[in-house]
């Protein structure tokens with residue numbers, strides 16, 4: 001069970017609030033609940049745009065904000081200018097989020113906001129989340145985690161509010177597909193984005209990732225969709241070749257969170 005009135009009351013006590021808004025279900029719920037709790041003059045959802053932010057997610061995030069009358073601002077972030085981020089260490093997200101919160105902190109100061117929020121939920125706290133440390137360093141609040149909201153609670157509340165992405169697969173930034181230690185470049189991000197768009201166009205609906213290993217693309221789809229991947233594999237391989245991958249593999253286990261982190265641990 002979730003306590004949506006309790007969440008809105010919690011948000012109302014934060015003063016004027018600015019949300020780092022990605023358009024995923026966690027930040028979408030906070031965007032709708034924050035707009036209801038604080039009103040359009042005291043709440044602002046902010047999208048940080050860069051080459052690592054998927055175009056499809058940007059379109060979805062904008063559409064959702066329009067549907068629920070959420071005040072929206074878009075800003076450019078420059079994490080790709082940071083050599084530490086481009087080097088793609090296992091704590092890459094720390095450098096990305098540090099840049100995001102730097103930019104949003106400036107917006108908050110200029111516009112007189114009292115709090116900066118993110119969509120971290122209670123389940124996230126038990127995972128590899130170096131970006132969360134960046135938020136803590138910048139005094140970012142995580143209302144969902146603070147109230148003990150799990151992902152299941154978030155999805156249930158989002159469904160109750162008729163948020164259309166309540167059951168959408170997780171969609172972290174495109175850099176999360178690039179093997180740790182392999183430089184993050186706009187070209188590699190474009191390869192990953194177009195590869196995953198192709199899979200969606202072929203009918204895949206569950207969680208999926210195209211992991212970038214340099215010349216090799218490793219495709220992960222949900223275990224239930226592995227048979228579909230097998231039947232469409234030649235089309236998938238051909239498209240990956242067009243995008244510049246010399247070889248491709250279908251992961252026989254299927255998608256699992258933190259797949260690249262597991263590989264990094266084995267390499268170490």
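Read-outs: derived from the displayed coordinates by stated rules, not from any lab. Predicted, not measured: the structure shown is a model, and the values here were computed from it. In this analysis, Cβ positions are derived from the backbone assuming ideal geometry, glycine residues included, and neighbour counts consider all displayed protein chains.
222 nm [θ] for the chain, helices only, -39500 (n - 2.57) per DSSP H run of 4+, per residue, to 500? The partial results should precede the final answer.
Values: 12 runs with 123 residues, N = 268.
That comes out to -13500 deg cm²/dmol.
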What FRET efficiency, computed as 1/(1 + (r/R0)^6) with R0 = 25 Å and r the Cβ-Cβ distance, is obtained for residue 226 and residue 197, rounded to the nearest 0.05? 0.80
Provide 231, 150, 77 in ascending order of the number of other Cβ atoms located within 10 Å of each residue's Cβ, fewest first. 231, 150, 77
State the three equivalent ellipsoid semi-axes of the chain, derived from the C-alpha gyration tensor as the square roots of 5 times its eigenvalues, in descending order and whole Å. 32, 21, 17
Can you compute the modelled spin-label distance between residue 3 and residue 205, with each label point 7 Å from Cα toward Cβ, in nm? 3.5
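Would you mind putting 112-121, 16-25 in packing order, based on average other-beta-carbon counts within 10 Å, highest first?
16-25, 112-121
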Expressed as a rounded percentage, what relative contact order does the chain have, with Cα pairs under 8 Å and six or more residues apart? 18
If you find the alpha carbon centre of segment 75-114 and of segment 1-47, how far apart are they in angstrom? 21
Stretch gain in nm, segment residue 159-residue 66, where the contour uses 0.36 nm per residue and the Cα spacing is subtracted: 31.7 nm
